[in-house]
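Heads up, the thing below is written out as C-alpha cells.
A short reminder: the numbers here are calculations on the coordinates, not readings from a lab. Small disclaimer: the values here were computed from a predicted structure and weren't measured. Here the Cβ positions follow ideal geometry from the backbone for every residue, glycine too, while neighbour counts run over all protein chains shown.
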Amino acid sequence: MALKPHSVMQVVGIAVFLFCLVWNASAQCSKDTDCKGNRICVQGKCVNAPAAVHHCGKDAECSGDSICKNGQCAPPDAAAPAPVQAQATQVSQPASEKREAPKGLMSRGTDIGITSAVWLPGTVNYDKISDQYDPQKVAGFLLRVFIDGYVAEKFAVGAYVAFSPMSWDGYSSGSTMFEVGFSLKPRFSIGNGAAAIKPGFSIGYRSMSSDRSRADGVKGMAADMSCELQFDTHNIFVPYIEIGFLAQPTGGNDYDDINYPPIFYIGGGIAF
C-alpha cells in the first residue's frame, strides 16, 4: 500500500526526533560551557583545549581546575607530563689528556751536570818498557762536566769533558789529564719517577801533559763507562751519585805506546 506524502513526512519527522534523542543521550556536551575547566566540547565530548604549555610552580598559577604537575599546568585526571631534562653534553677529553703524562725525572728533556769525584789508584802500562817501570797512578781529583739531550724518554745522547791532575807513586812530578767526547745514556725510572738510573758509555779523545818527557804529550782513545743514580727534588736541581771508570785501550807518545785498563772513580754532583 503506497504512503501518502503527508504520511512520509510524518515518518521522517519521527526518525529525526528519535535520532536526536539518541544523540543527546550519548553526548557529554553540546557546548563548551557544559565541560569543566579549560576543556571544550568537540563532537559531543569534552576534550582538553589545545592550549600552549603553561609552566608553573604551584596549583594557584594554573587556570580553572588544572593543577601543577612537574612544572606544567595539567587537568587533575591527566597523566603527569614528563619533566623537561637538559641533554647532558659530554665532552670527550683530548687523547693527549687521557694518556698519563711522564712523571718526575722521566719528564726531563735535558740534563746539564757537574760531577766531582775521586779517581782511584791504577796502573798505566808502558808497552816498550819493562813492567817494573809501569807507573802507579795514585788516587786524585776528577772533574766531569756533561750535557745530555733526550731524543726519547728513555734515551739520551750527550757530550762531556773531563779533567784530572794526576800524581804518580814514587815520582815528585805530576801530570794533567784532559778528555773530551760523546756519550750514550739510557734512563730507567725508579719509584714512578722519584729516582732514575742512567748507565752510560762514552768514547772520546784523551791527552796527558807532564814535566817528565816520558809522560808528556800522551794522546789516546778514551773508553769510559758511568752510572748515575738521580734523585727527584721537585725542582730544577737534581742531585746524583755517580760511579764509573776511565780506560785507554790505545795511545802513546814519541817514547812509547801507553794504555791503561779501567781505573774506577766514585763521586756525585748536581744536574739542572
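Kindly identify segment 205-272 as rounded, prolate or oblate by the Cα gyration tensor criterion: order the square roots of the eigenvalues as a ≥ b ≥ c, call it rounded if a/c is under 1.5, otherwise compare a/b with b/c, prolate if a/b is larger, else oblate. Mind showing how you got there, number by number?
Working: a/c = 3.91, a/b = 2.80, b/c = 1.39.
Since a/c reaches 1.5 and a/b is larger than b/c, the shape of segment 205-272 is classed as prolate.
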Item to check | Diffusion coefficient, µm² s⁻¹, Stokes-Einstein with Kirkwood Rh over alpha-carbon pairs of segment 104-271 at 4 °C and 1.567 mPa s | outcome: 78
Item to check | Pair SER173, ALA60: separation of 7 Å Cα→Cβ label points (nm) | outcome: 11.3
Checklist outcome for this item: Zone reached by a paramagnetic label modelled 7 Å from LEU184 Cα along Cα→Cβ, restricted to segment 239-272 with backbone N below 14 Å, covers none
Item to check | Cut-off 12 Å between beta-carbons: net charge of the residues surrounding LYS219, Lys and Arg +1, Asp and Glu -1 | outcome: -3
Next on the checklist: What is the sum of charges, Lys and Arg at +1 and Asp and Glu at -1, for the other residues whose Cβ falls under 13 Å from the Cβ of PHE188?
Outcome noted: +2
Checklist entry - For segment 163-227, taking Cα atoms only, what is the radius of gyration to one decimal and the Dmax to the nearest whole Å? => result 16.9, 53
Next on the checklist: At 7 Å along Cα-to-Cβ for each site, give me the label-to-label distance between VAL138 and VAL151 in nm.
Outcome noted: 4.4
Checklist outcome for this item: Pseudo-spin-label distance SER116 to ILE197, built 7 Å along Cα→Cβ, given in nm, is 2.7
